[in-house]
Amino acid sequence: MSTITEEISRRRTFAIISHPDAGKTTLTEKLLLFGGAIHIAGAVKSNKIKKTATSDWMEIEKQRGISVATSVMGFNYGDYKINILDTPGHQDFAEDTYRTLTAVDSVIIVVDVAKGVEQQTRKLMEVCRMRNTPVIIFVNKLDREGRDPFEILDELEAELKIAVRPLSWPINIGAKFKGVYNIYEHSLDLFTPDKQKATSRVEIDDVNDSRVDEAVGEDDAAKLREDLELIEGVYPEFDVEPYLQGKLAPVFFGSALNTFGVKELLDCFVKIAPAPGPVQTAEREVRPEEENFSGFVFKIHANMDPNHRSCIAFVKVCSGKFERNANYKQVRTGKSMRFASPTAFMAQKKSIVDEAYPGDIVGIPDTGNFKIGDTLTSGEEIHFKGLPSFSPEMFMYIENTDPMKSKQLEKGIQQLMDEGVAQLFFHQFNGRKVIGTVGQLQFEVIQYRLLHEYGAQCRWEPMSMYKACWIESDDPDALANFKKRKHQFMALDRDGRDVFLADSAFVLQMAQNDFPKIRFHFSTDSLSE
């Protein structure tokens, strides 16, 4: 029987984030491959036509080749229990990714060696920095032509505003790519392109060993020694402390598609990455080793299984031990709940779990009881914080195109909004429903899923809108006056809160100037409870 402290210390819960196409889902696959969770990459949903990645299981993801929902996968690797959250890279789904980052203890960022740091990666790094989340960087696609590794390191420091320290180093890139020298382990890994298995390793004690010359040729061996000398001269020796504080990012090089450099990353990661730590609630700091269970819902996913219209709430365990069939309190409603079939995930394959420890992610069947940000506890009244809804950037009216299916449409909209992919507002002036999203692609995804998962058809009608902002005031008269003056721009969100729909930056600026007693909020985080 292991103690809770032992269980916590062997947990590693992290998210993989990147710009679309940098190879994030491929890297996730390969990590699963080493964990023995799958036996050949892309095999979990393999069919005769094409293999699709394990973590991309929604129909629309397979068609478009992008990840639109965060997938959760757990597996054992040596003595460690690893929980990976694979996030959507596409910027239209950034909000899902931001929320996922509240549920992890560290992050691996994937960067394409040819493209370097892209906009989405910068944004996500901002979120990591706000939370001091430790970051490891994996520079991917070294078997393709790309930029000089030193140039990439400079760019990582400048663009991500974090100190870096290479822990592995490539020998050439592109067509001449021969392998990687593992600085952390002092070994040489030779590259042979193979998508299924890892490559040959030459154990050496020192880079000056003559076996290096034999393996890669004298010229490349000389260049490698020169590069390493430069690295030692420029970068301080690797120290785990600044990494854990989120101030230093170790960098690994490899090719996820060819399963190269991935094991080095994983071996170093399990040793240095943090186990689950304390989490802040509105009331106090919650420590993982506390006896009482607590956790929060960071994501809700409708239709994990299209045959049973079921939603799943993803709960991150923060303290104590979660047990199947135990009574837990949902703090927002005060209800007591029991869960007979909580699940753990290997992408879409789920298995019932009897217990889970801090750092683990548990899926709970949800019939509409949960909202994102809900806290579950053994009884204590605490509220985990920091799961914001951001002000949407794009808005459309949603209209039913099949009056016979209005019930299905209602249910579909409700469940998809529960997932947090978009936000629903009720326009007070014309009584119409407005959907707000962070990006255009979400409208397509919503329309597709309403049709394929709920049998409901909708069409979108454009509306000219600049920003939706939540408003509040300590002066009831000022608030009433604002709502009267701006009645054609007023809406309510799903929780009945007042929302001002400004149709231009100018209108918003004027409203802020003309009504000094009104507070305008662009995220629900800052609203007073």
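The values are calculated or read from the model by the stated rules, or taken from the named source; none is laboratory data. For clarity, every value in this text was computed on a predicted model and none was experimentally measured. All Cβ positions, glycine included, derive from the backbone under ideal geometry; neighbour counts span all protein chains shown. Just so you know, the surface numbers come from the protein's heavy atoms only, side chains and all, with ligands and any DNA or RNA stripped out. Shrake-Rupley method; radii C 1.70, N 1.55, O 1.52, S 1.80 Å.
Evaluate the following for H427: is it within 30 Å of P403 (Cβ to Cβ) and open to solvent by 30 Å² or more (accessible area, probe 1.4 Å)? Spelling it out, it is not the case that H427 is within 30 Å of P403 (Cβ to Cβ) and open to solvent by 30 Å² or more (accessible area, probe 1.4 Å).
Within the stretch 165-208, being among the hydroxyl-bearing types (S, T, Y) and modelled with pLDDT of 75 or more holds for S168, Y181, Y184, S187.
Taking first residues from the stretch 408-420 that are more than 22 Å from Y98 (Cα to Cα) and partners that are basic (K, R) and at pLDDT below 85, the Cβ contacts under 9 Å between residues at least 6 apart in sequence or on separate chains come to K411/R309; G412/R449. The criterion of at least 2 residues that are β-branched (V, I, T) and surrounded by 19 or more Cβ atoms within 10 Å (Cβ to Cβ) is met by the following strands (runs of 3 or more DSSP E) wholly inside the stretch 119-184: 135-140.
The rows are residues; the columns are (1) over 28 Å from the mean Cα position of the chain (by Cα); (2) within 28 Å of C311 (Cα to Cα); (3) among the hydrophobic types (A, V, I, L, M, F, W, C); (4) modelled with pLDDT under 85.
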{"position": "A422", "(1), (2), (3), (4)": "no, yes, yes, yes"}
{"position": "H427", "(1), (2), (3), (4)": "yes, yes, no, no"}
{"position": "M463", "(1), (2), (3), (4)": "yes, no, yes, no"}
{"position": "K483", "(1), (2), (3), (4)": "yes, no, no, no"}
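Pairs are defined by a Cβ separation below 8 Å, a sequence spacing of at least 6 or placement on different chains, a first member in the stretch 104-128 that is touching a residue at least 60 places away in the same chain (Cβ under 8 Å) and within 16 Å of A158 (Cα to Cα), and a second member that is acidic (D, E) and assigned to a strand (DSSP E or B); the pairs so defined are E118/D112.
Can V438 be described as surrounded by 21 or more Cβ atoms within 10 Å (Cβ to Cβ), out of contact with any Leu (no Cβ under 8 Å at 6 or more places or on another chain), at pLDDT below 85 and farther than 25 Å from G496 by Cβ? It is false that V438 is surrounded by 21 or more Cβ atoms within 10 Å (Cβ to Cβ), out of contact with any Leu (no Cβ under 8 Å at 6 or more places or on another chain), at pLDDT below 85 and farther than 25 Å from G496 by Cβ. Within the stretch 91-110, if we keep just the residues that are open to solvent by less than 10 Å² (accessible area, probe 1.4 Å) and under 15 Å from K316 (Cα atoms), the residue that is modelled with the lowest pLDDT turns out to be T97. Might you check whether a residue that is open to solvent by less than 10 Å² (accessible area, probe 1.4 Å), over 18 Å from F395 (Cβ atoms) and part of a helix (DSSP H, G or I) occurs anywhere in the stretch 482-491? Checked against the condition, which is being open to solvent by less than 10 Å² (accessible area, probe 1.4 Å), over 18 Å from F395 (Cβ atoms) and part of a helix (DSSP H, G or I), the stretch 482-491 yields at least one hit. Restricting attention to the stretch 509-529, the residues being modelled with pLDDT of 90 or more, touching a strand residue (DSSP E or B) at 6+ places or on another chain (Cβ under 8 Å) and open to solvent by less than 30 Å² (accessible area, probe 1.4 Å) number 2. Close Cβ contacts (under 8 Å, 6 or more residues apart or on different chains) running from residues in the stretch 136-154 that are on the phi > 0 side of the Ramachandran plot to residues that are not in a loop (DSSP other than H, G, I, E, B) comprise K141/D112; K141/S255.
Answer yes if at least one residue in the stretch 495-504 is modelled with pLDDT of 90 or more, open to solvent by 70 Å² or more (accessible area, probe 1.4 Å) and out of contact with any strand residue (DSSP E or B) (no Cβ under 7 Å at 6 or more places or on another chain), and no otherwise. Scanning the stretch 495-504 turns up no residue that is modelled with pLDDT of 90 or more, open to solvent by 70 Å² or more (accessible area, probe 1.4 Å) and out of contact with any strand residue (DSSP E or B) (no Cβ under 7 Å at 6 or more places or on another chain). Give the number of residues within the stretch 129-144 that are modelled with pLDDT under 85, farther than 17 Å from T26 by Cα and touching a helix residue (DSSP H, G or I) at 6+ places or on another chain (Cβ under 8 Å). Of the residues in the stretch 129-144, 1 are modelled with pLDDT under 85, farther than 17 Å from T26 by Cα and touching a helix residue (DSSP H, G or I) at 6+ places or on another chain (Cβ under 8 Å). Within the stretch 356-399, the set of residues being surrounded by fewer than 20 Cβ atoms within 10 Å (Cβ to Cβ), at pLDDT 85 or above and farther than 14 Å from F293 by Cα comprises Y397, E399. For the stretch 1-33, filtering for residues that are of a type outside the set (D, E, K, R), under 12 Å from K81 (Cα atoms) and without any contact (Cβ under 8 Å) to a residue 24 or more places away in the chain leaves 0. Restricting attention to the stretch 447-481, the residues being in a loop (DSSP other than H, G, I, E, B) and open to solvent by 20 Å² or more (accessible area, probe 1.4 Å) number 9. Residues in the stretch 271-292: is at least one of a type in the set (S, T, Y), touching a strand residue (DSSP E or B) at 6+ places or on another chain (Cβ under 6 Å) and at pLDDT below 90? Looking through the stretch 271-292, at least one residue is of a type in the set (S, T, Y), touching a strand residue (DSSP E or B) at 6+ places or on another chain (Cβ under 6 Å) and at pLDDT below 90.
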